[in-house]
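Asker: Okay, here's the structure, questions in a sec.
Read the figures in this text as sums done on the coordinates, not as results from a lab. As the structure is a prediction and not an experimental result, all values here were calculated from the model. Every residue, glycine as well, gets a Cβ built from its backbone with ideal geometry; the counts of neighbours run over all protein chains shown.
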Amino acid sequence: MNGFKFDATDLLKKIAMMGEVNNKMKAAVGVYCDSSGKKMESYAKSNAKWENRTGNARQTIKGGFKWEDNSKCSAFVAGNMEYSPYLELAHAKGKSVDNEVGMEVSPSFAQLELANEGKYAILRPTVRKLTPEFVSGMANLLK
């Protein structure tokens with residue numbers, strides 16, 4: 001039998017102690033999440049269903065990432081105009097059928113039903129469309 005031996009003791013200690021290997025993996029996950037957020041930003045800007053009046057709603061869509069805690073990283077896409085929640089949630093064409101895509105709005109928009117998917121919604125549909133690709137990519141990264 002041909003093969004080789006590899007002593008993983010040192011590697012496993014580093015992982016267990018939140019050491020160098022874990023820090024490199026965390027950095028790679030952060031970069032991947034940020035890249036995913038930027039890709040969602042680009043997709044949302046390109047595929048928004050509304051006609052621009054000022055262009056502000058489209059131009060201020062931002063994507064990125066944030067660490068939820070020490071081990072959970074989230075990619076996001078957000079509308080950044082005060083009227084962005086109305087584009088996403090008002091004039092609803094129906095309820096969203098998933099619970100996987102979170103929506104956050106300020107308390108001043110509490111009257112909007114967060115489960116609604118508005119006529120001009122682009123953020124939730126963007127996340128829904130691109131998530132399978134991102135999950136697959138993350139699985140490949142973590143192999």
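Asker: Here are some pairs, K26/K62; K72/K119; K24/K45; which of them have Cα atoms lying more than 27 Å apart in this structure?
Answerer: Correct reply: K72/K119; K24/K45.
Asker: If you don't mind, there's one more thing I want to ask. Suppose R0 equals 25 Å; then what is the FRET efficiency for A27 and N47 from their Cβ-Cβ distance, rounded to the nearest 0.05?
Answerer: Computed FRET efficiency for A27 and N47: 0.25.
Asker: Determine the gain in length on full extension of the stretch K38-E133; use 0.36 nm per residue of separation and subtract their C-alpha separation, reporting nm with one decimal.
Answerer: 32.8 nm
Asker: To continue, here is another question. With label points built 7 Å along Cα→Cβ from the Cα atoms of K66 and K119, find their separation and express it in nm.
Answerer: About 3.1 nm, to one decimal.
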